[in-house]
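Here is the structure we will look at.
Rule-based calculations on the coordinates, nothing more; no lab input. Model, not experiment: these values are computed from the prediction. Glycine also receives a Cβ, built like all others from the backbone with ideal geometry; neighbour counts cover every protein chain displayed.
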Amino acid sequence: MQKRKWINLTYRKFGSNESKTYEVQPYLLKEYQSRWYIFTRLGDNKPYRTFGLDRIEQVVMTKKSFRIFLNQVSSCDSSFFFFLNSIRGAMIA
């Protein structure tokens with residue numbers, strides 16, 4: 001995350017038999033209720049998404065770079081409120 005490179009992560013949703021690969025911008029890691037999450041964006045002007053670290057099967061860093069603007073993080077939808085509410089304890093890329 002510190003290198004601000006896009007990553008390809010392979011993720012298996014809870015209860016699913018299939019994995020899916022996403023290309024994302026990793027923003028921060030956060031522990032919430034004894035579970036660790038990665039807070040990402042699926043791309044410029046795309047939705048934000050969280051992934052439980054325990055369900056990530058593979059991570060590959062790409063050569064593509066991105067920039068983080070904190071106003072982008074604070075403008076995400078309310079489903080990520082618990083991350084934003086405690087952002088001081090987070091690791092920001």
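Details
- The label-point distance for Leu29 and Arg55, in a model that sets each label 7 Å from Cα toward Cβ, rounds to 1.9 nm.
- Here Lys5 is the anchor, and the aspartates and glutamates within straight C-alpha reach of less than 16 Å, apart from those fewer than 8 places off in the same chain, are Glu23, Asp44.
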